[in-house]
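Single-structure report; data block below.
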Amino acid sequence: MGDVDAYAWSPDGRKLAYRGLVLDPDELALSEAPDGTPKIRVARRVRYQQDGVGWRGDSFYHLFVHDVTSKTVTQITGGEGDDDPPVWSPDRSKIAYITYAVDDREIRSHTELRVRPVGSTHEELWSDGLFMTESIAWAPDGTKLAVSGSPNPGEAGGYGLTA
């Protein structure tokens, strides 16, 4: 794993969710090549430079949960596209996040808000009808999320989503 750039403690302090860069095996091989060996990079995606980070090949940011007691780490998201930082529900039963891992991500700048129950592989789409989601916050009772987003490309707005 590469850089870890965002993290959030569960409300009870027993788990730490974080976002880390899952490295592309082809990029690792390039970085380990002996000096003088030509390093060839192949762009497989139309939008490979849009994030402003620089070349990452097929590396993507995904979410992990570290259980402090058992010292185990579980990767909870994957696939093609970055996932934004995790946000714990107040009762620590769910993690909400914004993802760029959508089917048409190479041709449209589109995001989704997803919620995953902790300990489950099932995730729910909570942004149905929105084209973009940009920031999220749980209601104190954990039944709703406030989200900044828009149903239209190129627009921003505020919406409340219920569980």
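I'm trying to understand the selection: among the residues of segment 127-136, which are surrounded by fewer than 20 Cβ atoms within 10 Å (Cβ to Cβ), part of a loop (DSSP other than H, G, I, E, B) and at pLDDT 85 or above? Hits for segment 127-136: nothing passes. Within segment 50-63, is even one residue surrounded by fewer than 15 Cβ atoms within 10 Å (Cβ to Cβ), within 20 Å of HIS110 (Cβ to Cβ), small (Gly, Ala, Ser) and modelled with pLDDT of 80 or more? Scanning segment 50-63 turns up no residue that is surrounded by fewer than 15 Cβ atoms within 10 Å (Cβ to Cβ), within 20 Å of HIS110 (Cβ to Cβ), small (Gly, Ala, Ser) and modelled with pLDDT of 80 or more. From the list SER31, SER70, exactly one residue is at pLDDT 65 or above and farther than 23 Å from GLY142 by Cβ. Which is it? The conditions single out SER70. Name the residues in segment 69-121 that are part of a loop (DSSP other than H, G, I, E, B) and under 18 Å from ASN152 (Cα atoms), would you? Hits for segment 69-121 are TYR100, VAL102, ASP103, ASP104, ARG105, GLU106, ILE107, ARG108, SER109, HIS110, THR111.
The values are calculated or read from the model by the stated rules, or taken from the named source; none is laboratory data. For clarity, every value in this text was computed on a predicted model and none was experimentally measured. Reconstructed Cβ throughout: ideal geometry from the backbone, glycine too, with neighbour counts over all protein chains shown.
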